Amino acid sequence: MLDQFIYKPIHPLPESGEISAKSPSNIALVKYWGKKPIQIPTNPSISFTLTNCFTKTTISFKKSKNFSFNFTLKGLEKPSFVSKIEFFLERIKEWCPYIFLYQIEIDTENTFPHSSGIASSASGFSALALALVELEQKITGMSNENKYLKASFLSRLGSGSASRSLYGPTAIWGQHKNIPSTSDQYAIAYNDLHENFKNYQDTILLIDKGTKKVSSTIGHELMHNHPFSKQRFSQANSNLESMINVLKNGDLDEFISISESEALTLHAMMMTSNPYFILMKQGTLSTIEKIWSFRGESKIPLSFTLDAGANVHLLYPLAYKQQVLDFIGSELIVFCQNQQYICDVVGTGANIISASYA
Ligand code: PMV
């Protein structure tokens, strides 16, 4: 099944070159929480791909007898990131041996504030993976379709949720017995969206920008001996099936009910693991209560979802943008650190910005 990802060179390697790729973050509607080695999800997930929160990564490479890489964030050395990249490159070595024939400079930048609580791993690993596979396409002549699949496959080996950032407006990662073409190895695009979800908005309230107390790696591990894991995995499978129908038929009430339940279940898993932990803050809960009363009074289909942190993602149709922004300004901004929030919208996934070879 993974044959399609084996490196098969047919053209000479470029002597040098530069490739820039851009990839967005994504927000899961049905959450991935729990994994097996190596980065195999214990349940399938689906996400909205974002637009404005993205990473741009440029790789500059020169053939060399000795492999080396250098990593910078907006031109500045970032020693704390080096070991993560090193680990990732080692992990993908068997699939991308050509990387090790070069000296590579990797420069990256995010449009969203670093340590804002918005995971940069999804956009970061997917942008890097796509840039590397672009070079591979030059050497192997692989199809564009396979390029995206392989980029998703490699991204997954960096960070599970990164596999979903390649595609938009939504992407499914993880095998589901009733959804054809789904795989634990990579994500696939899901495009069958009802008009109601076109340009769906995600406004991210930055409730707490502090670094996470518990890394997602540890969180995933805690699902192994979790008392509710079996029920959770089966619930995620059935929520995914329902969510796909909802995205197709445009039922906003059902969308709200599944996505909010998924967000709360993710946090409930954290609160009931051993050791237990809470990533929500008081501002998170106050925001949720305000959203529920706003929705009840205005009948505007505004809902929320959460990632593994305190920030709240407000999800709503484009048609209600002004009303929601007014509501944020009058009722929710008090819960945002430094009054910060980010307006984003469902997008189309990762792409190559430029590629040049010598
Ligand atoms: O991709 P990771 O290992 O950082 O895990 C992310 C898990 C969640 O963001 C909490 C849920 C998801 O499906 O994105």
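The packing ranking, built from the mean of other Cβ atoms within 10 Å per residue, places the peptides 57-65, 174-182, 305-313 in the order 305-313, 57-65, 174-182, highest first. Neighbours of residue 141, meaning other residues whose beta-carbon lies under 11 angstrom from its beta-carbon, give a summed charge of +2 when Lys and Arg score +1 and Asp and Glu score -1. Oblate is the label for segment 1-150, because the ratio a/c of its alpha-carbon gyration tensor axes (a ≥ b ≥ c) is 1.5 or higher and a/b is not greater than b/c.
Subtracting the Cα-Cα distance of residue 241 and residue 181 from their residue separation scaled by 0.36 nm leaves 20.2 nm. For the chain, the fraction of 1.4 Å probe accessible surface lying on carbon and sulfur atoms is 52 percent. By the Stokes-Einstein formula, at 1.567 mPa s and 4 °C, segment 102-142 with its Kirkwood radius over alpha-carbon pairs has D equal to 109 µm²/s. Estimated from the Cβ-Cβ distance and a Förster radius of 35 angstrom, the FRET efficiency linking residue 78 and residue 348 is about 0.75.
Once the 1.4 Å probe is applied to the protein heavy atoms, the chain comes out at 43 Å² accessible per residue.
The peptide list 286-296, 224-234, put in order of mean Cβ contacts within 10 Å with the highest first, becomes 286-296, 224-234. What is segment 234-289 by shape, rounded, prolate or oblate, if you read a ≥ b ≥ c off the alpha carbon gyration tensor as root eigenvalues and call it rounded for a/c under 1.5, prolate for a/b larger than b/c, and oblate otherwise? Here segment 234-289 falls in the oblate category. The label point for residue 144 and the one for residue 338, both projected 7 Å from the Cα toward the Cβ, are 3.9 nm apart. A simple charge model with +1 on the Cβ of Lys and Arg, -1 on the Cβ of Asp and Glu and nothing else charged puts the dipole of segment 118-205 at about 160 debye relative to its Cα centre. Under a model in which nothing but the beta-carbon of Lys, Arg (+1) and Asp, Glu (-1) is charged, the chain shows a dipole of about 720 debye around its Cα centre. On the principal axes of its alpha-carbon atoms, segment 108-258 has extents of 47, 37, 35 Å, going from largest to smallest. If R0 is 51 Å, what FRET efficiency do you get for residue 282 and residue 192 from their C-beta distance, rounded to 0.05? FRET efficiency, residue 282 to residue 192: 0.85.
How much of the pair distance distribution for segment 12-358 lies past 30 Å, counting alpha-carbon pairs only, in percent? Taking all Cα-Cα pairs of segment 12-358, the fraction more than 30 Å apart is 35 percent.
The rule of thumb for compact globular proteins, 2.2 N^0.38 Å, goes into the C-alpha radius of gyration of segment 124-197 1.13 times. Inter-label distance, residue 221 to residue 66: 3.5 nm, where each label sits 7 Å from its Cα along the C-beta direction. Going by a ≥ b ≥ c, the root eigenvalues of the Cα gyration tensor, does segment 214-334 fall in the rounded group (a/c under 1.5), the prolate group (a/b larger than b/c) or the oblate group? Oblate is the answer for segment 214-334, as a/c is 1.5 or above yet b/c matches or exceeds a/b.
Protection proxy ranking of 18-31, 142-155, 239-252, by the mean of other Cβ atoms within 10 Å over each peptide's residues and highest first, is 18-31, 142-155, 239-252.
Determine the distance separating the Cα centre of segment 1-74 from the Cα centre of segment 124-188; give it in Å without decimals. About 8 Å separates the Cα centre of segment 1-74 from the one of segment 124-188.
The values are calculated or read from the model by the stated rules, or taken from the named source; none is laboratory data. Worth saying up front: this structure is predicted, and the values here are computed from it rather than measured. Backbone-built Cβ (ideal geometry, glycine too); neighbour counts: all protein chains shown. Side chains are part of the model used for accessible areas, which takes the heavy atoms of the whole protein and leaves out ligands, DNA and RNA. Shrake-Rupley method; radii C 1.70, N 1.55, O 1.52, S 1.80 Å.
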